[in-house]
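Let me begin by presenting the structure, written as structure tokens, before commenting on it.
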Amino acid sequence: MSRSDDPSLPHFVTAFDPQHGVAVPVAEGVQRITVNNPGPFTFHGTNTYIVGQKSVCVIDPGPDDETHFEALMAALAGRDVTHIAVSHTHRDHSPLARRLKQTTGAIIVAEGPHRPSRPLFEGEVNPFAESSDTDFVPDLALADGEAIQGDGWRLTAVHTPGHTANHAAFALENTGILFSADHVMAWATSIVAPPDGAMSDYMASLDRLVERRDSLYLPGHGGPVTDPQTFVRALRTHRLMREQAVLERIRQGDRLISDMVKVIYAATDPRLHGAAALSVLAHIEDLVEKGLIATNGPPKLLGEYWPA
């Protein structure tokens, strides 16, 4: 059996028609507009969601893109925008929130401002610093389980750190729908890149979603996840296999992350090898914390590693 045929691993769905700039109905009372910002990390673009009929919430307004802003305002015409919910502070999700607030008077809600999952080590550079919206400050910081509501809808914050420290999903109450943002996506695994993200947090957040009983995920990129429980369990298995692959490469004598990436991600688009190296580092941080591997000083991208 090939890995792609293994039912315990995630079956990624890459078929997706973004219909850039068009408000596409994806569920009752929910529309999606996809930004035309495709790339190796954004797939066909960032998904912005409009929840509600008369008074609405906009989830993840996206980058400060004029064409997308005009498409969004056209879709919102005649409706009262009361809330702007932001899942996390990467620049493909949050910057347009400020302009949308100025135009509509809506309040911005999120888990909180951008922050790393841990402090930077001496001499360490955050490779995703330019992707982080450090100017973002919500009007309302939503605690885990706290809700906002409008005419016929209620959204509850579900904190899901891992991809970023401030990542939150939003549950649309009484529908089974979870706006999963970049934590769980149907087309690919989420990037977990220290120091912005942390693998231990990410795995704990996956465990939390397994305990929920949502029936549909609407993610930040690509199409819906239609069987969330099966898919999240498969993602956990996939990550644990990656962890074992990293551990095995170290046991086989690899000391550098770059050498591990060449083997573990041999079939991956080379444009993603930089992100893959950060993902390996995220696993290594977790393995060092578990006492399974050792290094001199704190785990770093250019560090050397050996079995504990």
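Would the range 226-238 turn up any residue that is open to solvent by less than 50 Å² (accessible area, probe 1.4 Å) and more than 23 Å from Phe16 (Cβ to Cβ)?
Yes: the range 226-238 contains one or more residues that are open to solvent by less than 50 Å² (accessible area, probe 1.4 Å) and more than 23 Å from Phe16 (Cβ to Cβ).
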> Mind checking whether some residue in the range 249-272 is in contact with a Phe, Trp or Tyr (Cβ under 8 Å, 6 or more places away or on another chain), outside any loop (DSSP other than H, G, I, E, B), modelled with pLDDT under 95 and not acidic (Asp, Glu)?
Replying inline: yes
>> Give all pairs with beta carbons closer than 8 Å in which a residue from the range 101-119 that is modelled with pLDDT of 95 or more meets a residue that is of a type in the set (Phe, Trp, Tyr); count only pairs at least 6 apart in sequence or on separate chains.
In response: Ala110/Phe136; Pro113/Phe136; His114/Phe136
> Which residues, counting only those in the range 243-261, are of a type in the set (D, E, K, R) and open to solvent by less than 40 Å² (accessible area, probe 1.4 Å)?
Replying inline: Glu243, Asp254
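Have a look at Val22, Val56, Val13, Val26 and point out the one that is open to solvent by 20 Å² or more (accessible area, probe 1.4 Å) and more than 19 Å from His183 (Cβ to Cβ).
Val22 is the lone residue from the list that is open to solvent by 20 Å² or more (accessible area, probe 1.4 Å) and more than 19 Å from His183 (Cβ to Cβ).
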> How many of the residues making up the range 149-170 are open to solvent by 10 Å² or more (accessible area, probe 1.4 Å) and modelled with pLDDT of 95 or more?
Replying inline: 9
> Which one is farthest from Val192 (Cα to Cα) among residues in the range 262-278 that are without any contact (Cβ under 8 Å) to a residue 24 or more places away in the chain, under 20 Å from the mean Cα position of the chain (by Cα) and surrounded by fewer than 20 Cβ atoms within 10 Å (Cβ to Cβ)?
Replying inline: Thr268
> Yes or no: Ala193 over 26 Å from Leu302 (Cβ atoms) and not β-branched (Val, Ile, Thr)?
Replying inline: no
> Mind checking which residues of the range 207-232 are in contact (Cβ under 8 Å) with a residue 40 or more places away in the chain and either touching a Lys or Arg at 6+ places or on another chain (Cβ under 6 Å) or of a type in the set (D, E, K, R) (or both)?
Replying inline: Arg208, Arg212, Asp214
>> Go through (1) acidic (Asp, Glu); (2) within 25 Å of Thr175 (Cβ to Cβ); (3) within 19 Å of the chain's Cα centre (by Cα) for Asp80 and report which single condition fails.
In response: (3)
>> Residues that are within 18 Å of Ser132 (Cα to Cα): list the strands (runs of 3 or more DSSP E) wholly contained in the range 42-122 that include at least 3 such residues.
In response: 107-110
> In the range 25-41, which residues are under 19 Å from the mean Cα position of the chain (by Cα) and in a strand (DSSP E or B)?
Replying inline: Arg32, Ile33, Thr34, Gly39
> Picking from Thr46, Thr34, Thr42, Thr89, which residue would you name as being open to solvent by less than 10 Å² (accessible area, probe 1.4 Å) and within 30 Å of Pro299 (Cα to Cα)?
Replying inline: Thr89
> Among the residues of the range 132-178, which ones are touching a residue at least 60 places away in the same chain (Cβ under 8 Å) and more than 17 Å from Pro219 (Cβ to Cβ)?
Replying inline: Ser132, Ile148, Gly150, Asp151, Gly152, Trp153, Asn166
> What is the number of the single condition among (1) more than 16 Å from the chain's Cα centre (by Cα); (2) at pLDDT below 95; (3) within 28 Å of Gln244 (Cα to Cα) that Val210 does not meet?
Replying inline: (2)
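The values are calculated or read from the model by the stated rules, or taken from the named source; none is laboratory data. In this text the structure is predicted, and so the values were computed from the model without any measurement. Virtual Cβ from ideal backbone geometry, glycine too; neighbours counted across all protein chains shown. Each accessible area value is taken on the protein alone, full model and side chains, heavy atoms only, with ligands, DNA and RNA left out. Shrake-Rupley method; radii C 1.70, N 1.55, O 1.52, S 1.80 Å.
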